[in-house]
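Student: The structure under discussion is supplied below as structure tokens; questions concerning it will follow.
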Amino acid sequence: MKKPSRNLKKHHNLSEDPSEPKEDPGSVDRLFTGSATTTSRDGAPRRGEVVSKARVPAHGQVLQVALDPPTKHQTKSPDPDPDPDPDPDPDPDPGPGLVRTHSDRCHRGRCSLIKRTDDWFEVFAFHLDRVLGLNRSLPAVLRTFHSEILPYRYTSGTPRPVVWWDPDIQHLDDSDNDQNSVPLSFVQYQKLLKVGCGREVDLRSAPCVGVHHSEWGRLALFDFLLQVNDRLDRYCCGFRPDPSEPCVENLLNTKCGNTKDLLLVHILVRKADPSRLVFIDNAGRPEQPADNLNFRLVEGIEEFPEKAVSVLQSGCLESLLLRSLYTDREFWDVVGRAGGLRPFIRTVEQRGKILLQHITDKKLQLKRDL
């Protein structure tokens, strides 16, 4: 099974396949339209143009871009802020004549991350998250950029995955560990799984870290289906990593024998809702073979979300995903439409069957969503 080439190119003048799902007028196709987009705090889409950029520390190939409404809606003010979204903006406009900074725009939820072309599967992951009813990942689409503000490699015609930058995500002050909301070791993680945080003990009592117990089942199911290891198993202890893996190149996997040294990463929550997780960097491994799946991702998990499991059991995952993915037309065409997507969907379906068997064999519980 081949993944799309790094030099992703949009397919033009393709005839419509009548067997393909019809577009849902309320779809995520409106999340990022034109040369760039903005997204409100609740995920509501707005059109927009790139107005500034910034590097992301320790992420050399990721660019943060700020977005404003397109110029055709602007008035004579140097930096007006017309907003078609009827919902009140929680962060008032600074007023006509005042130039908004890049950080100001990001604070208002008007920023996104342009990621590596190899991270295209993160767009697939976003749709999988929504189809399963998990609703924990950030909106992601594939788009081609044309802004003069961006470096050439971002505007060369190669589509890139774009993920909304959520300003409400809580980061640790530690510059060496700012990709976490809470510091958490694998040993501590296994301990909190056993006590039922928020259900049997208070969310803030040790070893809990404020995250509700049910969240970990959502995360484990999502990561297993996508084979995302850079969260619960950043050291690649639960599968046979390729020598080119960062965990091998950086000798992280040499620490697998000492569990107290194993740390979790990308354990993130929102300031406004710290008991729920936010899933980021979800590209995973679309080509991980079935005989090398990482079961460490579900270690210690004794319950999974009922709704997500029911989707896996229903046999409808392929049709649901195709209908959802069709709404991002650029991604749909680049990846090869339904024919190009089915191999990846069937890989996830196969992993789902393996997970369902694991649930049956271990007699694990299913819990309704909160």
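Student: What residues qualify as long-range amide H neighbours of V269, i.e. H under 5 Å apart, gap of 5 or more or another chain, H built at 1.01 Å from N?
Tutor: Q170, S181, V278
Student: Label points 7 Å out from Cα along the Cβ direction at V187 and K353: separation in nm?
Tutor: About 4.1 nm separates the two model spin labels.
Student: Which whole-Hz couplings ³J(HN,Hα) result when phi for each residue of segment 144-158 is put into the Karplus expression 6.51 cos²θ - 1.76 cosθ + 1.60, θ = phi - 60°, listed in order with x for Gly and Pro?
Tutor: So the Karplus estimates, Gly and Pro as x, are 9, 9, 10, 6, 6, 6, 8, x, 4, 5, 8, 10, 7, x, 8 Hz.
Student: Would you please state which residues of segment 100-136 a label at R55 would reach in this model, taking the label point 7 Å out along Cα→Cβ and a backbone N cut-off of under 18 Å?
Tutor: 102-103, 113-116
Student: Starting from the amide H of Y326, placed 1.01 Å from N in the peptide plane, find each other amide H under 5 Å away whose residue is 5 or more places distant or on another chain.
Tutor: When sequence neighbours closer than 5 places are left aside, there are no close amide H contacts.
Student: Explain nothing, just the number: dipole magnitude of segment 158-297 about its Cα centre with +1 on each Lys and Arg Cβ and -1 on each Asp and Glu Cβ, in debye rounded to the nearest 20. Walk me through the numbers on the way to the answer.
Tutor: Numbers: 16 positive and 20 negative charges, 94 e Å.
The calculated dipole for segment 158-297 is roughly 460 debye.
Student: Skipping prolines and chain starts, which residues have an amide H placed within reach, meaning under 5 Å, of the one on V62, given they are 5 or more residues away or on another chain?
Tutor: When sequence neighbours closer than 5 places are left aside, the close amide H contacts are V56.
Student: Now for a separate question. Within segment 203-288, which GluC sites (Glu not before Pro) sit in a loop by DSSP and count at most 16 neighbouring Cβ atoms inside 10 Å?
Tutor: Numbers: sites: E215, E249, E287; in loops: E287.
Those satisfying the criteria are E287.
Student: If you don't mind, another one. Measuring with a 1.4 Å probe in the full set of protein chains, what accessible area per residue, in whole Å², belongs to segment 207-290? Can you show the working numbers first?
Tutor: On the way: 3180 Å² over 84 residues.
Using a 1.4 Å probe on heavy atoms only, each residue of segment 207-290 averages 38 Å².
Student: Another question, then. Gain in length, C316 to H102, computed as 0.36 nm per residue apart minus the alpha-carbon separation, to one decimal in nm?
Tutor: Values: separation 214, 0.36 × 214 = 77.04 nm, distance 4.29 nm.
So the chain would gain 72.7 nm between C316 and H102.
Student: Of A272, A290, G238, whose Cα points farthest to the positive end of the dipole of segment 231-322 (charges on the beta-carbon: +1 Lys, Arg; -1 Asp, Glu; origin at the Cα centre)?
Tutor: Result: A272.
Student: Only Cα pairs under 8 Å and at least 6 apart count here; give the relative contact order of segment 224-370 as a rounded whole percent. Write down the numbers at each step before the final one.
Tutor: Numbers: 145 pairs, mean separation 41.9, N = 147.
Taking the mean separation of contacting Cα pairs over the length of segment 224-370, I get 29 percent.
Student: With the cut-off at 29 Å, tell me which of the pairs K53/K255; K194/K260; K115/K363 have Cα atoms farther apart than that. Each step should come with its number before you reach the end.
Tutor: Details: K53/K255 37 Å; K194/K260 17 Å; K115/K363 40 Å.
From the list (K53/K255; K194/K260; K115/K363), the Cα-Cα distance tops 29 Å for K53/K255; K115/K363.
Student: When the label point is put 7 Å from the Cα of R199 along its Cα-to-beta-carbon vector, which residues of segment 213-244 have a backbone N closer than 13 Å?
Tutor: 213-219
Student: Placing +1 on the Cβ of each Lys and Arg and -1 on the Cβ of each Asp and Glu in segment 154-219, which of W165, H213, Y154 has its Cα farthest towards the positive end of the resulting dipole?
Tutor: Comparing the listed Cα positions along the dipole, H213 ranks first.
The values are calculated or read from the model by the stated rules, or taken from the named source; none is laboratory data. Being a predicted model, the structure only gives us computed values, none of them experimental. Cβ: placed from backbone, ideal geometry, glycine included. Neighbour counts: every protein chain shown. What goes into the accessible areas is simple: the full protein's heavy atoms, side chains included, and nothing from ligands, DNA or RNA. Shrake-Rupley method; radii C 1.70, N 1.55, O 1.52, S 1.80 Å.
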